[in-house]
Amino acid sequence: MLRKGSPVPDVALTDGHGSSVRLFSLLGKGPLVIYFYPKDDTWICTKEACLFRDAHAAFLELGAMVIGISADPPGSHSIFAEHHWLPFRLLSDPAGAAYRAFGLKDFMGLKQRATFVIDGSGVIRSAISNRLLASKHVRGALAALRDQRLARS
């Protein structure tokens, strides 16, 4: 798994509306929070997405954009986002290009759950991994963003 200080890899993915998105195109607009999750509409993944949704105003206040990535197809993302009122983009990684580029692993057939906080210049400032505690990802990302803000002050 990529660690703090690593450059973010550039990969092209597809959003829930079928549009292509390059990760590098999202840089320079402020911090970026990318969270990888195993599957739309599963219990922990839904909880995690809803926690990111519920904290979305705090992420915006810190100038951060949140992006979710899983192997699910764009249509599944669109339905998942609409059903749970998700205010951020979900990107589809069916071939696992982003998953591998970020150094993530499978364990007993389950995709690794990980969150990366990336600064505006494309450097990873925090990397969080926990398969079961979805709230750890949101709390950890917010803490890393607050630490970045303090460091800039």
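The values are calculated or read from the model by the stated rules, or taken from the named source; none is laboratory data. Here the structure is a predicted model, which is why all the values come from computation and not from measurement. In this analysis, Cβ positions are derived from the backbone assuming ideal geometry, glycine residues included, and neighbour counts consider all displayed protein chains.
Residue by residue, here is whether (1) within 15 Å of the chain's Cα centre (by Cα); (2) surrounded by fewer than 18 Cβ atoms within 10 Å (Cβ to Cβ); (3) of a type in the set (Lys, Arg) holds:
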position: Gly96; (1), (2), (3): yes, yes, no
position: Val117; (1), (2), (3): yes, no, no
position: Arg131; (1), (2), (3): yes, yes, yes
position: Arg146; (1), (2), (3): no, yes, yes
Kindly check whether there is at least one residue in the stretch 17-29 that is within 19 Å of Val117 (Cβ to Cβ), surrounded by 13 or more Cβ atoms within 10 Å (Cβ to Cβ), out of contact with any helix residue (DSSP H, G or I) (no Cβ under 7 Å at 6 or more places or on another chain) and free of Cβ contacts under 8 Å to residues at least 60 places away in the same chain.
yes
Selection over the stretch 2-23 where residues are more than 14 Å from the chain's Cα centre (by Cα) and over 23 Å from Pro73 (Cβ atoms) yields a count of 5
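Inspect all residues belonging to the stretch 111-130 and state whether any of them is of a type in the set (A, V, I, L, M, F, W, C) and part of a loop (DSSP other than H, G, I, E, B).
The initial filter retains those residues of the stretch 111-130 that are of a type in the set (A, V, I, L, M, F, W, C), namely 114, 116-118, 123-124, 127-128.
Checking the rest, the ones that are also part of a loop (DSSP other than H, G, I, E, B) come to none.
Looking for residues that are of a type in the set (A, V, I, L, M, F, W, C) and part of a loop (DSSP other than H, G, I, E, B), one finds none in the stretch 111-130, hence no.
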All conditions in (1) part of a helix (DSSP H, G or I); (2) surrounded by fewer than 20 Cβ atoms within 10 Å (Cβ to Cβ); (3) of a type in the set (Gly, Ala, Ser); (4) in contact (Cβ under 8 Å) with a residue 40 or more places away in the chain are true of Gly103 except (1)
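Scan the stretch 60-70 for residues that are closer than 18 Å to Ala98 by Cβ and either modelled with pLDDT under 95 or surrounded by fewer than 18 Cβ atoms within 10 Å (Cβ to Cβ) (or both) and jot them down. Give the steps one after another, and end with the answer.
If we filter the stretch 60-70 for residues that are closer than 18 Å to Ala98 by Cβ, which is where we start, we get 65-70.
Scanning the stretch 60-70 gives a single hit, Met65.
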